[in-house]
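One structure is given here, and the rest of the page talks about it.
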Amino acid sequence: MVIIRYATVMCLLFSITSAQPSHRPLSSPLYGQVNVESDILYGQSIGVNDSIVNLLLDVYTGTGDTAQQRPLVLFIHGGGFKNGNKVLKMSKLFCSRFAKCGFVAASINYRLSQSIRSNDEYFAAMIHAVQDAKAAVRFFRKNAVRFMIDTSKIFVMGTSAGAITALHMAYLDQNEFPTSVDVKKTGTLEGNSGNPGYSSAIHGVINCWGAMADFRWIQNGNVPVFNIHGVCDSTIAFDSSFSYKAFKYGSTVIHDRALKVGVKSGLRLFYQTGHTLDNDPVKQDSAANDITDWLSKIIQN
């Protein structure tokens, strides 16, 4: 059983009009196949033991899509900030779906660590992931012509730890770092992972079973958010009934806070469903339908 909750104002904002922009991604596929350009270097960062980490991404486009101004969805994989990579099954599922619907999709690798021991270290690991993801956004602004991207329509999506990263990328400001986190060690939110001189601004965030350290960081004027979560998720709570490391406030809290401060937000809950939507391809495909529908409507408004 699933429910979708929207504010009444969202229904009005999301109404489909007869006016169509020159390139309109759809919630249903426009293209039957995808092209994947793999292992593109988008930056470098400092990893464990001061080692240099080459940051790589894969770009997905619809076969036959020749539009010059396409929106971008940047996908950030999960794995608890310790595991995972850009070619996980879920990464391919979502990125392929976006590409078939007329988006450019990119799945990124980012710094991971096997030695995270405390909540502060999890927060620091999240900051490093944010820094790398911001470098990826700057990379696409730098190479917008090459990838035929509309830089006014850049969205970030994550699953699990990737969703935690995407949410804080959208809503955390530098002055909101917990005092217990050593900024000298983490560095600033923008970081130094590559492509300086370009903006890392995004225009919306898709949170798939993620959470925030503090929901109050969402403020009026922030970018829209769409949330997907399983109600029986025992890893990251859909509400605030328990914490995942430093991150306590799940999708319903994020959704309610966004609406309270005037930020566009949507929420889909999957009942009798756990983390990663139980790795159920039917549920994940249903989630992909809702995400592409939400993105296409956001872009039209």
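The values are calculated or read from the model by the stated rules, or taken from the named source; none is laboratory data. Not measured: the values here are computed from a predicted model. As a convention, Cβ positions derive from the backbone with ideal geometry for all residues, glycine included, and neighbour counts pool all protein chains shown.
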Residue ranges of strands (runs of 3 or more DSSP E) in the range 198-301 with at least 1 members over 13 Å from Thr159 (Cα atoms), within 18 Å of the chain's Cα centre (by Cα) and charged (D, E, K, R): 265-270
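Residue under question is Phe226, and the condition is that it be surrounded by 23 or more Cβ atoms within 10 Å (Cβ to Cβ), modelled with pLDDT of 95 or more and of a type in the set (Phe, Trp, Tyr); does it hold? Don't jump to the end; show me each part of the working.
Numbers: surrounded by 23 or more Cβ atoms within 10 Å (Cβ to Cβ): yes; modelled with pLDDT of 95 or more: yes; of a type in the set (Phe, Trp, Tyr): yes.
Against the criterion (surrounded by 23 or more Cβ atoms within 10 Å (Cβ to Cβ), modelled with pLDDT of 95 or more and of a type in the set (Phe, Trp, Tyr)), Phe226 qualifies.
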Any hit, the range 182-196, residues being surrounded by 21 or more Cβ atoms within 10 Å (Cβ to Cβ) and within 23 Å of Phe226 (Cα to Cα): no
Which numbered condition Met169 fails, given (1) surrounded by 18 or more Cβ atoms within 10 Å (Cβ to Cβ); (2) within 15 Å of His255 (Cβ to Cβ): (2)
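Go through the range 92-126 and report how many residues are among the small types (Gly, Ala, Ser), without any contact (Cβ under 8 Å) to a residue 60 or more places away in the chain and crowded, with 21+ Cβ neighbours inside 10 Å.
Restricting attention to the range 92-126, the residues satisfying the condition of being among the small types (Gly, Ala, Ser) are 96, 99, 102, 105-107, 113, 115, 118, 124-125.
Still in the list and also without any contact (Cβ under 8 Å) to a residue 60 or more places away in the chain: 105-107, 118, 125.
Remaining after also requiring crowded, with 21+ Cβ neighbours inside 10 Å: 105-107, 125.
Residues flagged as among the small types (Gly, Ala, Ser), without any contact (Cβ under 8 Å) to a residue 60 or more places away in the chain and crowded, with 21+ Cβ neighbours inside 10 Å within the range 92-126 amount to 4.
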Qualifying positions in the range 54-101 - under 15 Å from Ala133 (Cα atoms) and part of a strand (DSSP E or B): Asn54, Leu55, Leu56, Leu57, Asp58, Val59, Leu72, Val73, Leu74, Phe75, Ile76
Where Ala166 falls short, out of the listed (1) more than 15 Å from the chain's Cα centre (by Cα); (2) assigned to a helix (DSSP H, G or I): (1)
Counted residues, the range 76-134 - those being under 13 Å from the mean Cα position of the chain (by Cα) and among the small types (Gly, Ala, Ser): 7
Residue satisfying all of: in the range 238-280; surrounded by fewer than 18 Cβ atoms within 10 Å (Cβ to Cβ) and among the hydroxyl-bearing types (Ser, Thr, Tyr); farthest from Met126 (Cα to Cα) among these: Tyr271
